[in-house]
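A.B. asks: Can you read through this structure? Questions will come right after.
The values are calculated or read from the model by the stated rules, or taken from the named source; none is laboratory data. Note that the structure is predicted; figures quoted are calculated from it, not measured. In this analysis, Cβ positions are derived from the backbone assuming ideal geometry, glycine residues included, and neighbour counts consider all displayed protein chains.
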Amino acid sequence: MTAQPVILVDTRSGVRTLTLNRPDKLNAANNDLILTLTRELQAADADDSVRVIVVTAAGRGFCAGQDLGEVSGDHVDFTHHLNTTYNPLIRALRNTGKPVITAVNGIAAGAGASLGLAGDIRLWAQSAAMTQVFSNIALIPDSGSTWFLPRLVGYHRAFELMAFAQKVTADDALKLGLCEHVFPDETFHADVQAYAERLAARPANALKLTKQALQASMTGTLDDALDQESVLQQKAGDSWEHKEGLSAFAEKRPANFVK
Ligand code: LHQ
């Protein structure tokens, strides 16, 4: 019997969808899944036909974090494991020049919660939930959660969510700023595709530069941001996209940013 691929790859209308595919285990992340997803993110970034990347999952879960069946024994080299699996994955996702949507279709736990938070846009299904489950097994949050979560909800709420592994529902996630939109379960994947196609019609070069400026701003000063904007605005302003935007405005028609 042929093994099921751990990541399903589909491209429609400029949207590359990468689907975690271990539904029986709520898409718990084994090495194969993590490394394949990392490679697929890099391949999508390099593929000119791809304008938006969606990371979602099969079945009722998004990702239950580390596959606990794969890391056990008297001494696990956690540092090595993180540096060779999750950290390259999160870096690949964040360094992609294209918008990444994490489409959280169900429970996102542990490193799966980190993955869900790492997207540029986070879309949740109504029945999705997030838990910083790490403390249940006496670990600390990893795969970027200690960076993402306090920036979203503040230090104190992040600490409480982490300390008690509290489950955040989709409605609460929306209020807390952990996601941008919540869609009904029944239409979730179709709603995500429609949203992604709208994003794919936006100016790709401008969005790439916007990501670069925003990400740099997360660790810099206002002066750094002003300097950065002046450099990146030149790149945006020199593009055909900008000329098209100006022409469309003058001609009172919608701009066409897809060549
Ligand atoms: C699983 C898992 C799972 C395997 C559900 N593994 N099978 C980094 C560095 C190195 C090492 C350690 O980790 C890390 C980062 C991390 O991510 S640490 C956090 C690891 N993840 C967890 O501790 C989560 C464990 N899972 C849960 O707490 C629950 O399953 C959640 C809250 C995710 C969902 O609960 P339920 O909806 O009640 O589902 P369930 O518990 O019945 O799970 C369904 C199946 O999935 C079940 O298998 P079975 O054969 O009994 O149907 C679970 O065993 C399996 N599964 N998570 N992480």
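A.B. asks: Identify the single condition in (1) in a helix (DSSP H, G or I); (2) hydroxyl-bearing (Ser, Thr, Tyr); (3) not assigned by TED's automatic domain parsing to the domain that holds Ala57 that Thr219 does not satisfy, given that it satisfies every other one.
C.D. replies: Result: Thr219 passes all but (1).
A.B. asks: Just to be sure I understand, how many residues within the range 71-108 are away from the ligand (no atom under 15 Å from the Cβ), β-branched (Val, Ile, Thr) and not in a loop (DSSP other than H, G, I, E, B)?
C.D. replies: Looking only at the range 71-108, we keep the residues that are away from the ligand (no atom under 15 Å from the Cβ), and these are 91-103.
Add one more test, that the residue is β-branched (Val, Ile, Thr), and what stays is 96, 100-102.
Remaining after also requiring not in a loop (DSSP other than H, G, I, E, B): 100-102.
Residues in the range 71-108 being away from the ligand (no atom under 15 Å from the Cβ), β-branched (Val, Ile, Thr) and not in a loop (DSSP other than H, G, I, E, B): 3 in total.
A.B. asks: Please state which one of Lys208, Lys235 is in a helix (DSSP H, G or I), within 19 Å of Val100 (Cβ to Cβ), modelled with pLDDT of 95 or more and not assigned by TED's automatic domain parsing to the domain that holds Arg122.
C.D. replies: On the way: Lys235 fails: within 19 Å of Val100 (Cβ to Cβ).
Residue meeting the stated conditions: Lys208.
A.B. asks: Within the range 250-258, identify whether any single residue is assigned to a helix (DSSP H, G or I) and more than 23 Å from Ile107 (Cα to Cα), and answer yes or no. Step through it out loud before you land on a result.
C.D. replies: The initial filter retains those residues of the range 250-258 that are assigned to a helix (DSSP H, G or I), namely 250.
From the residues that got through so far, the ones that are more than 23 Å from Ile107 (Cα to Cα) too are 250.
Scanning the range 250-258 turns up at least one residue that is assigned to a helix (DSSP H, G or I) and more than 23 Å from Ile107 (Cα to Cα).
A.B. asks: A follow-up question, please. May I ask you to verify whether Asn136 is surrounded by fewer than 16 Cβ atoms within 10 Å (Cβ to Cβ) and either within 10 Å of the ligand (Cβ to nearest atom) or among the basic types (Lys, Arg) (or both)? Working first, answer last.
C.D. replies: Details: surrounded by fewer than 16 Cβ atoms within 10 Å (Cβ to Cβ): yes; either within 10 Å of the ligand (Cβ to nearest atom) or among the basic types (Lys, Arg) (or both): yes.
So Asn136 fits the description; yes.
A.B. asks: Output the number of residues of the range 55-79 satisfying the condition of being touching a His at 6+ places or on another chain (Cβ under 9 Å) and under 27 Å from Ser127 (Cβ atoms).
C.D. replies: Narrowing the range 55-79 to residues touching a His at 6+ places or on another chain (Cβ under 9 Å): 56, 66, 71.
With the extra rule that they be under 27 Å from Ser127 (Cβ atoms), the set shrinks to 56, 66.
Number of matching residues: 2.
A.B. asks: Then there is this: Determine, yes or no, whether Ser127 is part of a loop (DSSP other than H, G, I, E, B), at positive phi, within 14 Å of the ligand (Cβ to nearest atom) and not acidic (Asp, Glu).
C.D. replies: Numbers: part of a loop (DSSP other than H, G, I, E, B): yes; at positive phi: no; within 14 Å of the ligand (Cβ to nearest atom): yes; not acidic (Asp, Glu): yes.
So Ser127 fails the test.
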